[in-house]
Amino acid sequence: MKSLSLSVVVITLNEEKNIVRCLKSLRFTRKPEVLVVDAESRDKTVAAARKLGGKVLIRKWKGYADQKNWAFGKVKGDWILSLDADEELTPELCSEVERVMSQKAPGFVGYAIKRRAYFLGKWIRHCGWWPDAQLRLIRRGKGKFSNRPVHEGIEAIGPTGSLEEPMNHYTYDSIAQYLEKMERYSSLFAANAPFKKRKLWWVYLVLMPPWIFLRMFLLKLGFLDGWRGLQVCGLSAYHEFVKYAKLGMRELLGHE
């Protein structure tokens with residue numbers, strides 16, 4: 001029986017600090033095809049990816065889902081593993097991926113992978129951040145990313161399962177990094193918010209920030225993550241406030 005091949009897809013934009021760790025973590029017994037789709041990075045992302053054996057294609061940024069779906073169409077593997085540059089596989093996860101790929105009669109067209117999220121250098125075990133499983137391993141032609149501006153996910157054609165081993169996700173090294181990303185994500189939300197949220201933006205602005213904090217800090221036991229947990233919960237609540245404040249500005253003034 002012919003062994004099935006794997007393609008790994010990573011989209012990047014100024015990921016010099018992360019891409020080396022990500023690509024070095026691909027410790028498979030059979031070397032996969034590695035495609036990095038770079039959105040015209042201004043740092044050394046492209047050089048680093050090529051040095052580690054990745055094939056790099058340059059494509060102007062057209063959104064998270066669009067970049068990833070375009071990359072899916074450029075690879076040849078029987079299975080596709082989609083990674084973000086700030087993610088890292090473990091040797092145990094690599095072995096499990098190869099094991100499910102080698103099954104003679106796999107019952108699933110895709111697999112979700114849990115993510116250990118690190119914030120300021122420590123794994124956040126609560127706050128609703130664990131296990132954060134996302135569908136990332138998919139049979140070629142059996143799924144694509146949903147057309148959403150942020151928090152896109154793979155929509156599979158067929159049944160899916162879950163892997164036992166998690167990957168590592170290095171979210172933010174500083175508060176400044178969080179705020180920079182929040183600025184982009186909140187603007188994307190405001191520009192693409194559904195009708196209900198556009199008309200009731202002021203209700204969401206008042207209610208969502210305190211609810212998010214209480215849910216994450218108390219109901220999701222964020223207080224058990226110490227001062228990092230407090231910061232995660234507080235920043236998440238602030239993110240909600242900024243999202244709906246920007247949405248209100250667009251509804252009232254036509255701009256953020």
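The values are calculated or read from the model by the stated rules, or taken from the named source; none is laboratory data. As the structure is a computational prediction, the values presented were derived from the model and not from experiment. Cβ: placed from backbone, ideal geometry, glycine included. Neighbour counts: every protein chain shown. Just the protein is used for accessible areas: all its heavy atoms, side chains included, with ligands, DNA and RNA removed. Shrake-Rupley method; radii C 1.70, N 1.55, O 1.52, S 1.80 Å.
Ser102 meets the conditions (1) touching a helix residue (DSSP H, G or I) at 6+ places or on another chain (Cβ under 6 Å); (2) open to solvent by 50 Å² or more (accessible area, probe 1.4 Å); (3) of a type outside the set (Asp, Glu) in every case but one. The failed one is (1). Residues considered: Arg125, Arg148. Of these, the only one that is open to solvent by 20 Å² or more (accessible area, probe 1.4 Å), modelled with pLDDT under 95, at negative phi and not in a strand (DSSP E or B) is Arg148. Checking each residue in the stretch 184-199 for being within 17 Å of the chain's Cα centre (by Cα) and open to solvent by 90 Å² or more (accessible area, probe 1.4 Å) picks out only Arg184. Elements of the type helices (runs of 4 or more DSSP H) sitting completely within the stretch 155-256 and holding at least 3 residues that are closer than 22 Å to Arg115 by Cβ: these cover 175-192, 226-253. Of the residues making up the stretch 64-96, those that are out of contact with any Leu (no Cβ under 6 Å at 6 or more places or on another chain), farther than 17 Å from Ala39 by Cβ and open to solvent by less than 20 Å² (accessible area, probe 1.4 Å) number 6. For the structure I just gave you, tell me whether Val46 is over 16 Å from the mean Cα position of the chain (by Cα), in a helix (DSSP H, G or I) and more than 20 Å from Arg139 (Cα to Cα). In short, yes. Taking the conditions exactly as written (farther than 24 Å from Glu164 by Cα and either among the acidic types (Asp, Glu) or modelled with pLDDT under 95 (or both)), does Glu33 satisfy them or not? So Glu33 fails the test.
Of the listed requirements (1) surrounded by fewer than 21 Cβ atoms within 10 Å (Cβ to Cβ); (2) more than 17 Å from the chain's Cα centre (by Cα); (3) of a type outside the set (S, T, N, Q); (4) modelled with pLDDT of 95 or more, Leu6 misses just one: (1).
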